[in-house]
Structure formats: C-alpha cells, structure tokens
Amino acid sequence: MTQPSTSSPPPENAPGESLWSKSYRKFMRDRFGVAALVIVGIYAIVALGVWLGLWAGNWSELGEEGFLGMTREHWFGTNINGQDIFARAIAGTKTAFEVGLIVAVTSTIIGGALGAIAGYYNGTIIDEIIMWLYGCIDAIPFYLFVAAIAFALEGTPYAMHVAMIATFWSSTCRIVRGEVIKIRNLEYIQAAHAIGVKPMTIIYRHITPNTFHILLVQGTIAFVGAIKSEVILTFLGLGVVDGVSWGTMLSESINDVLRGHFGNFLAASGFLFFLVIAFNMFADALQDATDPKKISN
Amino acid sequence: METLQYAIRKLLYSIPLLFGVTLIAFTLMVYFGPDLTHNILGKNASVEQIEEVHRELGYDKPFLQRYGMFLKEVFTFDFGNSISSGEEVTDILKRTVPVSFAVALPAFIISNLLGIGLALMAAYHRGRFWDKFVMVFAVVGMSVSYLMIVIAFQIFFSTSYGLNWFPVQGWVDPPPEYADAGFFEIAYYYWYYYWLYVTVPTLASVFVALGYNTRFFRAVIVEELNRDYVRTAKAYGIGNATIMVKHVLKNALIPIVTRIIISLPFVIIAGNLVLEKFFGIPGVGLVTYDAITNGDLPVVKAVVTCTAILYVFALILTDIVYKLIDPRISYSK
C-alpha cells in the first residue's frame, strides 16, 4: 500500500485523466477506506497462508485437554476436543475467503452480464424474462431457498455456494440494468449502432466497461453477504460440512457459553466482526470514490 | 371502484410471477427433491407397495403433470402430512403462524420506527457529528452476525454471567391450574409471560435490523433533501423541522412503505429460523428448522410456497398503497 505523495498533489482535473485514476486518488484520500483495505489485505494474506499450508495446519489436531482457558500456548484456549481455537479461527479465514470469493465473483459476473443484456434489450421479451427471473428469486426467502437447493442437490457440499450465487446475482442485475438503460441512450451507443457494430459487441465492448464501478461495489457487498450467510447457514446445518469455518465455531460455541467457556465465541465473532466491518467500510469508500457523479464535481 | 379495477389488473400482471415462484419451488423440492417413498413405507417395503406409493405421489408421471398436481396442492392449500410428526401441514401452519407473528411484530415495529427516527436525525445533521455518530453505529450493526448477537444477548440477559433477568428459552403456555381461571387472570398471565419471553428476541432482532433500516431510510431522505422544492421551501422561510417532517418525509414515503410492506410476508410466515430455534419459540421458524434438519419436505415446501405467494401479494399491495399515498401516480399505467 503506497500513499500518494502529499507534497505535490496533482492538479484536480488534469486533462486526459481517466475516471479510474481519479477514483484511485479519491479513494486514497479516504483514510477510513484505506485503513479498511489494509485490514482486508491482512486477512487475505492470512487466508492465503492457510491455503499454502504456511500456518494453522494443526487446526484439527486433537489436544489432550479440552476447555483450556487462555494461555500463552493457546491464545483463545481450546475447544471441547482440545483443539486450539486460535488455529481454528485462522483456518476459518481461508474458508471465509473461499466462500466469499466464489460467491462474489460468480454472482457479480452473472448479475452484470444479465443486467447488461436486460438493459440493452429494455422493453423487449428478453428484458421481461430476465426481470421475471429475478422477481421470482426475490420472492423466495433466502434461507428457505438454500434449504430447497440443498434438497435438490442432496449430498453435495456446494449447495450453499450454488444457492448464494443463485440469489445474490439479482440485486447486481437490477442495478446494472437500470444503469445500462441510461447508457444505451447516449450518443456514442447510437453511433456504434449506426456504423453497424453487433449488439453483443456493443454490450461487452462499449457498455459493460461503464458498469465496472457498480460491479466492483456489488462484488464487495456480495462478499460480505456470503460470509455472513455462511455463519447462519452452518448453524442451520446447510453450510460448511467438512473443514472449519467461523460458522461451525459459533455453532459449537452455543453449548460452550452456557457452560462458561467463551473462547470459541470470542475468537469466531471477533474474526468475523473485524473482517465484515472492514469490508463494509471498504465498500462504502469504494462507492464514494467510483461514483462518476461524485467524481466529476 | 377504480382502485378495485387497478388491483385486479395488478393481480393479473402478477400471474407470471406466481407461476415462476411455484415452478421454482416445485422443480427444486419436488421434481429434483428427495424420494419420499421410504419415509412413508419404512425400509422393508415390497415392490408392489413401493410402486403403489410411487403412483400415489405421482413419481411415474411426466414433469408437467406433476407440476399440475403441485399447483392443485397450492390452490387447495393442502400440502399433505408432515413426515416426522404425521400432522397435517396446514394444521401446523395454523398453529405456528400466530406465534411467529407475535414474536416478530414488536421487533418489526420498533426497528422501523426507530430506523426512520434515526435516519431523520442523521439526515437533518447531514455531514456533522450526529450524522457520523449514527452512521458509524449503523455500520457496526450491519457488521455483526445475527448468530453472534443472539448468543451475546442470551448470555447477557438470560444467564448468570450477565443480568439473568429473563428465561433462557421457552414460550407462553399456561399451566393446568389456570384452566378455570377468569378471563382477566389468563389475559394477565399471557401478557406477563409474553413480554418475559419476547423481550430478548425482540432486542436482538431490533439490534440487527436497525443498522440496515437506518442506512436505507437515511439514503432515501438525503436524496429527497437534494431536491429543488426543499430549497424553495427554505427560501420561503419554512423551518427545518417542518420541512423534514411535512415535506421530505411525506415525499420519501414511497420507498419507505415499499420496504416495510415487502418485508411483511417474511414477518408473518417465514418466521425467523435462528431466533426461534435459539429461544425455543414454537413458531414457523422452529418448525421449519426442524423440517430442514430432518428432511421433512412437505413442511419446507409449504412454508416456501406460502411465503413466496404472500410476497407477490405484498408487491401488489405496495402498488395499491402507492396510489393511495401519492396522487401523482395514475391508474392507467
């Protein structure tokens, strides 16, 4: 993370400067946003380390003593099976990023593509069908929809991911569609039409790049949504089946806390809380920095 | 009369949506769903018995015909019997929906009213201390997991590690000695225990919903504040508070009402799985939770379908309410 030099700020509206570099400068001036990004970055490094097997590989190792208090060796104590809670929380970071990234990337791509198509073909049957599709998705309560998908995909560990992707794309689609309806009436699109550019080329070459700022923000929102939903779904028995996640730890902690052992609860909720709040603040800062209406004035 | 026509037209427009919602529910849960034969017959069934049950449940029929059977279930409101308890699903819903409603209603009202109040305050002090103060709390509220809040509130309010003011779990159920008590005695009993059991879940729900509500309402109100009529009103010397409540809030009502009405079906029927499971409240949420963990398909099917259909009706209702609160909307479109 490099801070742009503050000694000689570049002129506000340098000619030929792209909206992206303006956004970048605006984002870098947002102290909360940068701090949030640093926290997210640290989490990402932790997750990457777990994935590469650098640390927390011992999360499933059974210790000799359960429910140890906080010691120097076990920062958050041990759980009922004597497993080190801190290592489990670290390993859970990887699960959280896995779920978050898979869901955020896939649902944003689907939402962005369908939204662009619906917006471009606004008023035709294609638009109607896509609107109908997300209308139906929105009508079914999320957790029950996941349960329904789990019924249909009985036995696969990816029911949760599929269900989240199948629901999270709708909000992105709705927003992108609205934006594309505005964009497609601009002159440069009409010009592209006039010289005979194919509709699909117009959509992907000339329209989609102008919705990237929406996709970026929606992606971060989906990421947060996925991590938070994972916790609830795991509690409902629909989420992570093998491996460890903050959801499995929180579900475990329900019995622990009534017996006075708070290690699991504190570790899982602390890890979860700081990642989600950092991501929320990052999303806010990103939204402020990339909104073309706010940059230009 | 005009409103009625409008409502009927909206209802007709929503048919594709109803069709789609039932189609999704059917495809996921019935067509690709689990085979219920062995749940009905047990493990040691003969081939003839299995075939007969297959015929009864329609497993040997094509997709469209089975979808037709499903639609018939929906229209006659007859979803069959629960697998785990054998009770009729309709009876289960009749018993549990009022409970869920009673649990969810206080939190629903409080979180919306408080959300609008806080949003008005934040928008009024836009960019200054109170705005930032409220919005920081909103982000914190949005960032905590529901499960975490429920656990924390239970420890704090209901166990000896905290205040220990409320019971950990349970629901109003008058003991037998109240069988021949007078009306007021029973009413008092219900009233007292209702609040005893509902307070902690309500606090937890309000805490979780408030952040989202406040942010949403603030965004709506701030957008409205940027409009020209607000400047004009200020130029005329109308006080800030009057502008806020009389003009801005009134004009911001459409998105606010939409949000409130659309979340109603989830309050009425979907219940709250986590909350009800956690506090042992015998509402739709708890029944659904058990149904999900036991693979009790008919119950989940009924809850999903009913909520989805109610949601479609809530959408129609918002259209009608728009018309009532905003005279600029015409019937013709």
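None of the figures in this text is laboratory data; all of them are computed from the coordinates on show. What you see is a predicted model; the values in this text were computed from it and never measured. Every residue, glycine among them, receives a Cβ derived from its backbone with ideal geometry; neighbour counts consider all protein chains shown.
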Can you give the convex hull volume per residue for the Cα atoms of chain A, as a whole number of Å³?
168 Å³
Computed helical MRE - 222 nm, the protein assembly as shown, DSSP H runs ≥ 4 contributing -39500 (n - 2.57), nearest 500
-22500 deg cm²/dmol
In percent, what relative contact order does chain B have, based on Cα pairs under 8 Å that are 6 or more apart in sequence?
27 percent
Cβ charges +1 (Lys, Arg) and -1 (Asp, Glu), total dipole of the protein assembly as shown, debye
3040 debye
Distribution of pairwise C-alpha distances over the protein assembly as shown, 10 Å bins, in %
3, 13, 22, 26, 21, 11, 4, 1, 0
B:ARG126 versus B:ALA219, label points 7 Å from Cα toward the beta carbon: distance in nm?
1.6 nm
Say each of A:ILE125 and A:TYR204 gets a label point 7 Å from the Cα, pointing the same way as Cα to Cβ; how far apart are those two points in nm?
2.4 nm
How are the C-alpha pair distances of the stretch B:197-301 spread across 5 Å bins, as whole percents from the shortest bin up?
2, 11, 15, 15, 12, 11, 9, 8, 6, 5, 3, 2, 1, 0
Using the alpha carbon gyration tensor of chain B, what are the three equivalent-ellipsoid semi-axes (square root of 5 times each eigenvalue), largest first, in whole Å?
42, 30, 18
How far is helix B:146-158 tilted off the main Cα axis of chain B, in degrees rounded to 10, range 0 to 90?
80 degrees
Where does each of A:89-97, A:43-51, A:137-145 land if you order them by average Cβ count within 10 Å, highest first?
A:89-97, A:137-145, A:43-51
All other residues with a Cβ under 14 Å from the Cβ of A:ALA159 taken together, and with Lys, Arg as +1 and Asp, Glu as -1, what is their net charge?
-3
Using +1 at the C-beta of Lys and Arg and -1 at the C-beta of Asp and Glu, which of B:TYR146, B:ASN240, B:LEU203 has the Cα lying farthest in the positive direction of the dipole of the stretch B:103-256?
B:ASN240
7 Å from Cα along Cα→Cβ at both B:LEU114 and B:ASP91: what's the point-to-point distance in nm?
3.9 nm
Evaluate peptide A:266-279: per residue, the Cβ atoms of other protein chains within 10 Å of its Cβ; return the mean as an integer.
3
